[in-house]
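What follows is a set of notes on a single structure, which appears directly below.
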Amino acid sequence: KEMASLLCNRMFSSVASRGLMSGGNRCSPLMMTTQQQFGSTTTPMFGNIASCLTGAIRPYSTNDIQKMRNIGISAHIDSGKTTLTERILYYTGRIKEIHDVKGKDGIGAKMDSMELEREKGITIQSAATYCKWGDTHINIIDTPGHVDFTIEVERALRVLDGAVLVMCGVSGVQSQTITVDRQMRRYNVPRVTFINKLDRVGANPWNVIDQLRKKLNLNAAAVQIPIGGEINLEGVCDLLTGKAYLFSGEKGSKITEVEIPASIVELFNEKKIELVETVANQDDQLAEWIIENDFPNNMPDATVLGDAIRRCTINRTFVPVFMGSAFKNIGVQKLLDGVINFLPNPSQKKNIALDLSNNEAEVEVVPDSKKPFVGLAFKLEEGRFGQLTYMRVYQGALKRGDMIKNVNLNKVIKVPRLVRMHANEMEEVQEVGAGEICAMFGVDCYSGNSFTHPNLNYTCTSMHVPAPVMSLSIAPKGKDGLNNFTKALNKFQKEDPTFRVHTDQESGQMVISGMGELHLDIYVERMKREYNVECIVGKPLVAYRETIQTRGDYTYTHRKQSGGQGQYAKMIGYIEPTGPEDPNMEFVNDVIGTAITPNFIEAIRKGVNEAAVNGPLIGHPITGVRFVVTDGATHPVDSSELAFRICAVNSFKEGFKVAEPMILEPIMKVEVLTPIEFQGTVIGGINRRKGAIFNTGAQGENITIECEVPLNNMFGYSTELRSCTQGKGEFTMEYAKHSPVTREQFNTLCEEYQKKRAEERK
């Protein structure tokens, strides 16, 4: 007791000496609510003292791994991700005031720190922060919802242990929700779902849960039911504990525990039975409890049911569904309880690295700070003091001054400076432990590079990077900006793996490629604002592909004699289609015996890959083709690798010409949300753009139209949609597939390409 008293005195004197009540990032005035932990209850407290000290939270110790969560907040655009994150930061004491995402008050949401984000009211870059709820530390990454910035979601989910999937209570499952679901499955990320915007007219959480089950094939069930609905939404009722909570007071900080309203008792009993049965179908321990007890007359208590939900959530066999309205400050605190109760800590998520010293054998990395360091640089950003590298520490500890190895570049570097991120603010730290997310300054690397202790040679598994679908020609307006123009392009490429830059070999133009019109527009605007470079932007270029429809045989002999050693190579074989859905170029060696000596096979492979880069029709890459060489001939003196490489290029062209070549164009999945009164006009516009509508659905006073439209016909659609819907319509677009163009378009594209080449020859 004496030691505890002494520690308390020192702590509060330290707080006073730092000017707790007069400056810094003071605690939020709210009183954190009692948190149910499966039968155990933490005591109420005001914020946390550590976060009051200029916003700093003390670094985790190695014993705190169980009290740590790394989560991402993901959803379709405009579902309320950033609004939800803003409330979480407020209720955990990280920020003092709540601000609107649109930035109408001139401040904007904390996590949307970029000026462009506040102007447009969307998240462009994922932002990291950290907070404390009860005695659990939470690292949070708020991700964009727009499909053009899907790489931000991709790399965030690659390094996180759990996620919150935010759904709109009116719209339910939307196009980008399906993409986010696919990403969560790709990286085996356990999740909880938060049905947001239940205060809106037309909100129906049971429809959303039904869509989760049917459209996403998730084993989902509610762990809460709402009290009231639409404009009368007051709170939520917890199905585990049987307690009802009303949210009132300043910004929803006052939580009142009440009896379950009589009007929802029947619904409560129905959904409680549904929850228990859904979880018991996936959890043997709960199923045994049901068999041994008189269910449903005897219900499992919060501990038994909560433990079962946690096991199933971590195993990704069940998705608990929470409810509320972030904008109306209802249900957010209970969602935080659910994050801690149901999502895994870093030790419960299996992470695999590849041992390059042992033929890339799989090795499990464990979050133990005493083991050798292993980390992944998952995001780069240009900070005030140079390149900022976001790092997930999977194993070991990272200290300032440590020597670590960049496995991908095979370079040993010294850790210059470590910081913890709070949106665009930084807190310098000396050390971070296993399972944490931090950032380093002054380290030259690329997104996706692995770092280890100098004695290890591990590399983390790679993340999925989608291929660009749109390109623009770009050049600086004046020669004065050329230096900054080059710097900007190099920086953006390092930051964003989906942003590509190349020089067109025929025209000599600089071409940038990305995930969509908005994606490229944002980078052009950033060049102007951040690098003071005005750019001239050319017509958007579509990522066409060339392929074949039938088998094409070839017999080609390359012969050249100009005095001295000549060139000779002969190849016989065929090319055949593998299907438009196959993006790869396949090479098969079916030569029997030594008709073509084995040392020339690699040269043939290089020639085939070279020929596939620029197709003969319109100069775009060739996909979905298998090139097979079956026979050939060599000359004892004149045959060489160069001769066979040239022969392979011309053999490919010869076979391609007779195999009914065709051009594929990218088809985009488009989802349009518009008031019902403009339905006819919007559908007419889609038909004019040669779109195929495959689904429509009413959402209150709005209607959702799902269709597939060629990307080439989507340029300028945002302006058209705003004009014909009085600014009320909105749409999202994502890549779906490549499909053959019409014969008329085929002829037009080929003629334009030949005309362009003829002009360049002049």
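The values are calculated or read from the model by the stated rules, or taken from the named source; none is laboratory data. In this text the structure is predicted, and so the values were computed from the model without any measurement. Reconstructed Cβ throughout: ideal geometry from the backbone, glycine too, with neighbour counts over all protein chains shown.
Restricting to strands (runs of 3 or more DSSP E) lying wholly in segment 370-474: which have 2 or more residues that are within 30 Å of I536 (Cβ to Cβ)?
So the answer is 374-383, 386-395.
For segment 654-663, which positions are part of a strand (DSSP E or B) and surrounded by fewer than 20 Cβ atoms within 10 Å (Cβ to Cβ)?
Result: M662, single match.
Could you figure out which of (1) touching an Asp or Glu at 6+ places or on another chain (Cβ under 6 Å); (2) farther than 21 Å from K653 by Cα; (3) surrounded by fewer than 19 Cβ atoms within 10 Å (Cβ to Cβ) isn't true of T550?
If we test T550 against (1) touching an Asp or Glu at 6+ places or on another chain (Cβ under 6 Å); (2) farther than 21 Å from K653 by Cα; (3) surrounded by fewer than 19 Cβ atoms within 10 Å (Cβ to Cβ), just (2) comes out false.
Scanning segment 331-361 for residues that are hydrophobic (A, V, I, L, M, F, W, C) and in a strand (DSSP E or B), which turns out nearest to D238 (Cα to Cα)?
I352
Please list, ordered by residue number, the strands (runs of 3 or more DSSP E) wholly in segment 120-200 having 1 or more residues that are assigned by TED's automatic domain parsing to the domain that holds P344 and under 17 Å from F318 (Cα atoms).
In segment 120-200, the matching strands (runs of 3 or more DSSP E) lie at 162-168, 191-196.
Checking C445 against (1) surrounded by 19 or more Cβ atoms within 10 Å (Cβ to Cβ); (2) at pLDDT 90 or above; (3) of a type outside the set (S, T, N, Q), which single condition isn't satisfied?
Result: C445 fails condition (2) only.
Determine whether segment 601-623 contains at least one residue that is under 30 Å from M714 (Cα atoms), among the small types (G, A, S) and not in a loop (DSSP other than H, G, I, E, B).
yes
Out of all the residues in segment 544-594, which are assigned to a loop (DSSP other than H, G, I, E, B), within 24 Å of P661 (Cβ to Cβ), out of contact with any Leu (no Cβ under 6 Å at 6 or more places or on another chain) and not polar (S, T, N, Q)?
Answer for segment 544-594, where residues must be assigned to a loop (DSSP other than H, G, I, E, B), within 24 Å of P661 (Cβ to Cβ), out of contact with any Leu (no Cβ under 6 Å at 6 or more places or on another chain) and not polar (S, T, N, Q): Y544, R551, G579, E581, D582, P583, D590.
Which of the residues spanning segment 610-627 are surrounded by 17 or more Cβ atoms within 10 Å (Cβ to Cβ) and not small (G, A, S)?
Correct list: L617, I618, H620, I622, T623, V625, R626, F627.
I'm told P468 meets every condition in (1) under 20 Å from the mean Cα position of the chain (by Cα); (2) of a type outside the set (K, R); (3) at pLDDT 85 or above; (4) over 30 Å from D368 (Cα atoms) except one. Can you identify the failing condition by its number?
(3)
With the checklist (1) closer than 24 Å to K328 by Cα; (2) modelled with pLDDT of 90 or more in hand, flag the one item N219 doesn't pass.
(1)
Go through segment 488-524 and give me each residue that's touching a residue at least 40 places away in the same chain (Cβ under 8 Å) and surrounded by fewer than 15 Cβ atoms within 10 Å (Cβ to Cβ).
Those that are touching a residue at least 40 places away in the same chain (Cβ under 8 Å) and surrounded by fewer than 15 Cβ atoms within 10 Å (Cβ to Cβ): Q505, E506, S507.
Spot the failing condition for G306; the list is (1) small (G, A, S); (2) buried (at least 17 other Cβ atoms within 10 Å of the Cβ); (3) under 23 Å from Y90 (Cα atoms), and only one is missed.
Unmet for G306, out of (1) small (G, A, S); (2) buried (at least 17 other Cβ atoms within 10 Å of the Cβ); (3) under 23 Å from Y90 (Cα atoms): (3).
Within segment 267-299, which residues are in a loop (DSSP other than H, G, I, E, B) and surrounded by 15 or more Cβ atoms within 10 Å (Cβ to Cβ)?
Residues satisfying the conditions are Q282, D283, F295, M299.
Among the residues of segment 475-526, write down those that are in contact with a His (Cβ under 9 Å, 6 or more places away or on another chain), under 24 Å from M668 (Cα atoms) and in a strand (DSSP E or B).
Selection gives V511, I512, S513.
Looking at K570, K539, can you tell me which residue is modelled with pLDDT of 85 or more, among the basic types (K, R) and either assigned by TED's automatic domain parsing to the domain that holds G624 or under 30 Å from the mean Cα position of the chain (by Cα) (or both)?
Residue meeting the stated conditions: K570.
Could you give me the residue pairs with C-beta distances under 6 Å whose first residue belongs to segment 225-247 and is under 20 Å from T303 (Cα atoms) and free of Cβ contacts under 8 Å to residues at least 60 places away in the same chain, whose second residue is assigned to a loop (DSSP other than H, G, I, E, B) and not basic (K, R) wherever it lies, and which are 6+ apart or on separate chains?
C237/I260; L239/V223; A244/I260
Return the total of residues in segment 134-165 being surrounded by fewer than 24 Cβ atoms within 10 Å (Cβ to Cβ), more than 11 Å from the chain's Cα centre (by Cα) and either closer than 26 Å to F499 by Cβ or modelled with pLDDT under 80 (or both).
Total satisfying the criteria: 0.
Can you tell me which of (1) out of contact with any strand residue (DSSP E or B) (no Cβ under 7 Å at 6 or more places or on another chain); (2) surrounded by 13 or more Cβ atoms within 10 Å (Cβ to Cβ); (3) farther than 26 Å from I178 by Cα is the one Q754 doesn't meet?
Evaluating Q754 over (1) out of contact with any strand residue (DSSP E or B) (no Cβ under 7 Å at 6 or more places or on another chain); (2) surrounded by 13 or more Cβ atoms within 10 Å (Cβ to Cβ); (3) farther than 26 Å from I178 by Cα leaves (2) as the failure.
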